[in-house]
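Since the structure comes first, as structure tokens, the remarks are kept for the end.
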Amino acid sequence: MDEDAKLREAADEELINNAFQQLLDDYLKSRHRKKTDLITKAFNFAKQAHKGVRRLSGEPYIMHPIAVAQIACSEIGLGSTSICAALLHDVVEDTDFTVEDIENMFGSKIAQIVDGLTKISGGIFGEKASAQAENFKKLLLTMSEDIRVILIKIADRLHNMRTLDSQPANKQYKIAGETLYIYAPLAHRLGLYKIKSELENLSFKFEHPEEYDAIVAKLEETKVSRHQSFDQFKAPIEEVLKRMGLKYEIRERVKTPYSIWTKMQNKHVTFEEIYDILAVRIIFKPTSRATEAKECFNIYVELSQLYRSHPDRLRDWVNHPKSNGYQALHVTLMSKQGHWIEVQIRSERMDEIAEQGLAAHWKYKEGGEYTEDENELNEWLHTIKEILDDPQPDAMDFLDAIKLNLFSSEIFIFTPKGEIKTMPANSTALDFAFSIHTFLGSHCIGAKVNHKLVPLSHRLQSGDQVEILTSKSQHVQPSWINFVSTAKAQSKIQAILRRLARDNQKEGETLFDQWLQKNGFEKTPSAIDKLCELHEVGRREEFFQGLGEKTILLGSKDIDTLKGKAKKSEGGISWRKYVPFVKKKKDEETGKPQPELFTVPKDFNKKKPIYINDDNIMQFKFPTCCHPIPGDDILGYIDNKDQIEIHKRACPVANRLKTSYGNRIIDAKWDMHKKLFFDATIRLGGIDRRGLVHEVTRVISNQLSVDIRKLTFTSEDGVFDGTIELRVHDREDVHGIIDKLKEVDDLKEISQIM
């Protein structure tokens, strides 16, 4: 071994040992039962198993399991079993050791967790197509046996996100998309607020680097004025808390770049128009556990005498904790500068549970040292199991169903007998019916909410008393799926509709066989495909279902098609209709043939970006889901025909693709030179006055020489709202137009519609 290699090996050894020592030191500070020998044994075993292997970043591979164990210990608060499982989590996946080897050396509990983590890792970071959603099912099934599997998986994902710089761009989009779609909501549902925020921010940073940098720079610019506002707001509160004799801490909480960006997108506002960037957190030491709820409200009463409080924004999570254990009293107060500021009032215990979630519950159990407890989320796991009991053909539907449960905040509903039921916010009367019993949901015709008759789609509010009304003649309707919001109701409705669809399909196939026989045709796959094309259905199953439901009727056109006499249908949906730009008249006049779609060859390098320019843009598909134009952050998706669809990176469809087909995602970049025109829409709002529309159109048409395709304005009580559809070269043109329109008097709100 040469001198350089020896020096590198010594440096690696020091790096590894220092990281492990830090892990042990943090573990020894906790209240967990001390099992350092077992942790050291796991470390030495993993270190030997991964010897000589390096990560893409160049560091020794063992640094990753140590980092995951460190997150599990310090940031989630787990004990020796989880730390050992985290250290060993990649051993079975990446080396020749088996789960049996782990069991023989470390016992059945650690082996079970490592096995759970191994089952779900292959498709998530590997090259296996469409494995993520199926893996997620396995993850949840395993989780029902041991919650620690999911907690360690979240720690693993957090470290992978922190070190994502070393991955190529297409992998970054895949992993960041998966993180936003699966792991951030999971962390949120488990109460790991800090981790959830970091996962969202890191995903945002890798998917939209320019927007991320711009928001971080704006936050830095406004830091001084924000501190001043905080100090002015805090000073009178401190006097009150001192007078009350409380031990307290007041913290400034700044909205994360991701949540700022999300609000800018959803509300179509600029950074400067967001007023709730600053929030204040009061953390106090209660006199006793029994009095902490009362003391939260005492603080609120005192604060509402200092500042005016917003009556509609009082959130009592103290007496009605969220299902992930979160407790706090949220109030919104008007500062002396005229801004609404949210104040979160929490005891020290509530604060720790809010930050660490599930793991912090263990800390506050009675007694000295404690061991890990796995039964905190039985109620939620029961819901998951109910969904798993109805297997769904599309794994992505399952993911969406779980997401509905993960994201939801709760409302409290009373039964006619006065029992309290917890439901996700936005639940309808029909959701409530399905939550009680599938039969009740299937035959629900309406409900009485607070003794008034309401339809099935009525959205429930916290505190409503609900009585479900049923009829035996009522059956599940396809339209129900459009307004229910809970995972349970959706999965039950889909299961019943699938059963009906299968019956209709069989009925349709029988009718089709009879029709073929009557008209002297043979039943062949090509005959079915021809008729599918004629009736513009993509799958044979849909064709038979249409026949069974009588939405497709067979007639003379079908006979002509099978005899080869019919003209080729001009119907059907072609991607060509979705080309996002306006072609030059010259091309239309000369009748230039449209270029063929680009087909990805076998030796295609997915790690390199594709460049879209004025000449090759027609070779790519532009679906209508997100309407990307030059200047937008985009990615490519290789579809089943090996052709490339272009999506915005933030497109909901793209998020599903990143999660389900991560190895088909490629990096895509624009290389346009302002030759082609694209459609863009700008929304305007403000104070109505004579001549305003003329002024707006003059700015756009005369000053900027931009074509206006469509103008829509509505005015009510002196306030107007409108949209302008334009033809522009790129997103830069849109920003230029918005900047110019900001100079027009009485225009108060200007934003682009994504």
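The values are calculated or read from the model by the stated rules, or taken from the named source; none is laboratory data. Remember, predicted model here, so these are calculated numbers, not experimental data. With ideal geometry, Cβ positions are generated from the backbone for all residues, glycine too; neighbour counts draw on all protein chains shown. With ligands, DNA and RNA removed, areas are computed over all heavy atoms of the protein, side chains included. Shrake-Rupley method; radii C 1.70, N 1.55, O 1.52, S 1.80 Å.
Using a cut-off of 12 Å between alpha-carbon atoms, which aspartates and glutamates can reach LYS675, once sequence neighbours fewer than 8 places away in the same chain are excluded?
ASP614, ASP615, ASP730
Take the solvent-accessible surface of the protein heavy atoms, probe 1.4 Å, and return the percent of it on segment 1-58 that carbon and sulfur atoms account for.
50
Mind listing the phi-derived Karplus ³J(HN,Hα) values for segment 725-736, rounded to whole Hz, using 6.51, -1.76 and 1.60 with θ = phi - 60°, and x for any glycine or proline?
9, 10, 10, 10, 7, 6, 5, 4, 4, 4, 4, x
Roll a 1.4 Å probe over the protein heavy atoms and report the accessible area of VAL269 in Å², nearest 10.
40
Can you give me the Rg/Rh ratio for segment 159-258, using Cα atoms for both radii and the Kirkwood formula for Rh?
Values: Rg = 18.1 Å, Rh = 16.0 Å.
With Rg and the Kirkwood Rh in hand, the quotient comes to 1.13.
Compute the separation of the alpha-carbon centres of segment 492-507 and segment 38-86 and state it in Å as a whole number.
Spelled out, the Cα-based centre of one part sits 49 Å from the other.
Cα convex hull of segment 206-342: mean projected area in nm², to one decimal? Before the final figure, lay out each step's value.
On the way: hull surface 39.5 nm².
Projected area, direction-averaged: 9.9 nm².
Using a 1.4 angstrom probe and counting only protein chains, how large is the accessible area of THR422 in Å², to 10?
Spelled out: THR422, probe radius 1.4 Å, area about 80 Å².
Can you flag which of LYS51/LYS606; LYS492/LYS641; LYS153/LYS255; LYS267/LYS421; LYS47/LYS205; LYS421/LYS488 are past 23 Å Cα-Cα?
Cα-Cα > 23 Å for LYS51/LYS606; LYS492/LYS641; LYS153/LYS255; LYS267/LYS421; LYS47/LYS205; rest within.
What are the chymotrypsin sites (Phe, Trp or Tyr not before Pro) within segment 501-530 that DSSP puts in a loop, where the Cβ has at most 15 other Cβ atoms within 10 Å? Display every interim value, and only then the final one.
Working: sites: PHE512, TRP515, PHE521; in loops: PHE521.
Listed in order of number, the matching sites are PHE521.
Determine the per residue accessible area of segment 450-565 with all protein chains present and a 1.4 angstrom probe, expressed in square angstrom.
61
Quick one: compute the contact order of segment 77-118, relative version, from alpha carbon pairs under 8 angstrom and 6+ residues apart, as a percent.
So the answer I get is 47 percent.
Once you treat every alpha carbon in segment 640-737 as an equal point and sum by Debye, what is log10 I(q)/I(0) at q = 0.24 Å⁻¹?
Listed by q, the Debye log ratios stand at -1.24.
Could you do me a favour and compute the accessible area per residue for segment 1-99, 1.4 Å probe, result in Å²?
Computed with neighbouring chains in place, this is 49 Å² per residue.
Roughly what percent of Cα-Cα pairs across segment 468-562 reach past 23 Å?
37
Could you rank the peptides 551-558, 151-158, 287-294, 276-283 by their average count of other C-beta atoms within 10 Å per residue, with the highest value first?
151-158, 276-283, 551-558, 287-294
Taking the mean number of other Cβ atoms within 10 Å as a proxy for protection, how do you rank 191-202, 500-511 from highest to lowest? List each step's numbers first, then the result.
Working: 191-202: 22.3, 500-511: 16.3.
The packing order, highest mean first, is 191-202, 500-511.
Viscosity 0.890 mPa s, temperature 25 °C: what is the translational diffusion coefficient of segment 619-668 from Stokes-Einstein with a Kirkwood Rh over Cα pairs, rounded to a whole number of µm²/s?
Rounded, D is 229 µm²/s.
Give the distance, in whole Å, between the Cα centre of segment 733-747 and the Cα centre of segment 423-488.
46
Leaving out same-chain residues fewer than 8 places away, which aspartates and glutamates sit with a Cα under 14 Å from that of LYS41?
Of all the aspartates and glutamates, those that pass the test against LYS41 - Cα under 14 Å, at least 8 places apart if same chain - are ASP101, GLU103.
All other residues with a Cβ under 14 Å from the Cβ of GLY245 taken together, and with Lys, Arg as +1 and Asp, Glu as -1, what is their net charge?
On the way: positive: LYS242, ARG243, LYS247, LYS285; negative: GLU238, GLU239, GLU295, GLU302.
Neighbour charge sum, excluding GLY245 itself: 0.
If you count only protein heavy atoms and use a 1.4 Å probe, how large is the accessible surface of ARG308, to the nearest 10 Å²?
Here the accessible area works out near 150 Å².
Can you list the residues, at least 5 places off or on another chain, whose amide H is less than 5 Å from the amide H of ARG54, using H built in the peptide plane?
TYR61
For segment 165-314, what does the accessible surface come to per residue with a 1.4 Å probe? Please give it in Å².
48
With a/c under 1.5 counting as rounded, go ahead and sort segment 280-331 into rounded, prolate or oblate using the C-alpha gyration tensor (a ≥ b ≥ c being the square roots of the eigenvalues; past the cut-off, prolate if a/b is larger than b/c, else oblate).
Because a/c hits 1.5 or more and a/b fails to exceed b/c, segment 280-331 counts as oblate.
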